[in-house]
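Before any comments, here is the structure.
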Amino acid sequence: MTSRRRQWRAATAVALLAALAPACTLEERPGAGRDEKRPVRTAAEGRVLAVKIDNVRPARPQTGLDAADVVYAEQVEAGLSRLMAVYATRLPPAVGPVRSARETDLELLRQFDRPALAFSGAQNKLLPLIDRAPLRSLPAEGATEKAYYRSDDRPAPHNLYLRPAALGVRPEPSGLKSTGFTFGPRPSGGTPLTRHTVTFPSARFTFTWVDYEGRWHIAMDDDTARTPEGKALSAATVVVQRVDVKDSRYHDSSGNSSPLTRTVGSGTAEVLRDGRSYEARWERRTADGGTAFTTPDGKPLAFAQGPVWVVFTKA
């Protein structure tokens, strides 16, 4: 066999192996050098899908929040808030507006078993940390960009939406078990409560108990939170988790520090369910462990079946 024919057969074999390999391509970041290429999986799996969602007035009403199993509210630059919606039992047709990831998200998501994270951009210095984090990164650029689209009903950057099904993610209800949350009948005790407000420096959440629905209706910045169809957003359980919030090493384009919310450790919380308030303790010993919520006497504090909203507030 001639040398030229051997080279041709070797090249053909390499091409065939590449075609048969698991879907994985190299994405080059805009402006990046050749040595900064990173692998991006085109076939996405994840036992839960987490989506970063905008939460300023021009972004409302948000789409797909009513289908989330868990919604986290975290503080971002200038004292504003941003949401992370976690889907395990069902995926809505669309979710958004989608916005950027934060350092807080990486620690928070480690308590989920094989999570996928959908987001739009992040600090350049944070991108390598996202790449190395134990999650499936599904950004709005590169191999997964076709799952995202822009709406013409509001201005950018508040108009980017995600079609979750286009990501190929197949969440499983069991993906929530690793959180440490427990669900069950209403605990004894508690204090009757029909309205509770949590404030950030530039944001505000109010939860109002609606007895005939058995749900807490949600208001954000004093506006009733609704779906695009006008249905009120609600939660079965609300957790006001008191945590360490401090400045991170990252800043936005205006020089505002990006807050870092630490969700590993222990502290106090207030759990709202069934029209009552329960003082609780929370503990998360390791980043890859779940968060346990207990009564002051150390018994597990069960949540009500249904959506859970967790608001992280400064201890």
query: Within the set of pairs 6+ apart or on separate chains, which have a first residue in region 288-315 that is closer than 19 Å to THR197 by Cβ and at pLDDT 95 or above, a second that is open to solvent by 50 Å² or more (accessible area, probe 1.4 Å) and part of a strand (DSSP E or B), and C-beta atoms under 6 Å apart?
result: THR313/ARG242
field: Selection within region 205-240 - open to solvent by 30 Å² or more (accessible area, probe 1.4 Å) and among the β-branched types (Val, Ile, Thr)
entry: THR208, THR224
message: For a quick check of your reading of the model, give me the residue pairs whose first member lies in region 46-67 and is under 14 Å from LEU160 (Cβ atoms) and part of a helix (DSSP H, G or I), whose second is open to solvent by less than 10 Å² (accessible area, probe 1.4 Å) and β-branched (Val, Ile, Thr), with beta-carbon atoms closer than 9 Å and at least 6 apart or on different chains.
response: ALA59/ILE53
field: Any chance THR263 is open to solvent by less than 10 Å² (accessible area, probe 1.4 Å), in contact with a Leu (Cβ under 6 Å, 6 or more places away or on another chain) and closer than 16 Å to GLY180 by Cα
entry: yes
field: In region 74-94, residue nearest to ALA118 (Cα to Cα) [restricted to those that are touching a Lys or Arg at 6+ places or on another chain (Cβ under 8 Å) and open to solvent by less than 10 Å² (accessible area, probe 1.4 Å)]
entry: MET84
task: Would you check which residues across region 143-157 are open to solvent by less than 30 Å² (accessible area, probe 1.4 Å) and not hydrophobic (A, V, I, L, M, F, W, C) and list them?
output: THR144, TYR148, SER151
query: So which pairs qualify, if the first residue must be in region 142-170 and under 22 Å from ARG82 (Cα atoms), the second must be among the acidic types (Asp, Glu), the Cβ gap must be under 9 Å, and the two must be at least 6 apart or on different chains?
result: TYR148/GLU141; PRO157/ASP54; HIS158/ASP54; ASN159/ASP152; ASN159/ASP153; LEU160/ASP54
task: For ALA43, state whether it is closer than 17 Å to LEU162 by Cα, surrounded by fewer than 23 Cβ atoms within 10 Å (Cβ to Cβ) and at pLDDT below 50.
output: yes
- line: Checked region 184-198 for anything open to solvent by 80 Å² or more (accessible area, probe 1.4 Å) and part of a strand (DSSP E or B); matches are THR191, PRO192, ARG195
message: For region 109-131: of the residues being among the aliphatic types (A, V, I, L, M), open to solvent by 10 Å² or more (accessible area, probe 1.4 Å) and outside any loop (DSSP other than H, G, I, E, B), which is farthest from LEU176 (Cα to Cα)?
response: LEU127
query: Out of all the residues in region 305-314, is one or more open to solvent by 10 Å² or more (accessible area, probe 1.4 Å) and in a strand (DSSP E or B)?
result: yes
Hits in region 122-136 - residues which are farther than 21 Å from VAL48 by Cα and of a type in the set (Lys, Arg): LYS125
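The values are calculated or read from the model by the stated rules, or taken from the named source; none is laboratory data. Just so it is clear, the model here is predicted, and its values are computed rather than measured. Positions of Cβ are backbone-derived with ideal geometry, glycine not excepted, and every protein chain shown enters the neighbour counts. With ligands, DNA and RNA removed, areas are computed over all heavy atoms of the protein, side chains included. Shrake-Rupley method; radii C 1.70, N 1.55, O 1.52, S 1.80 Å.
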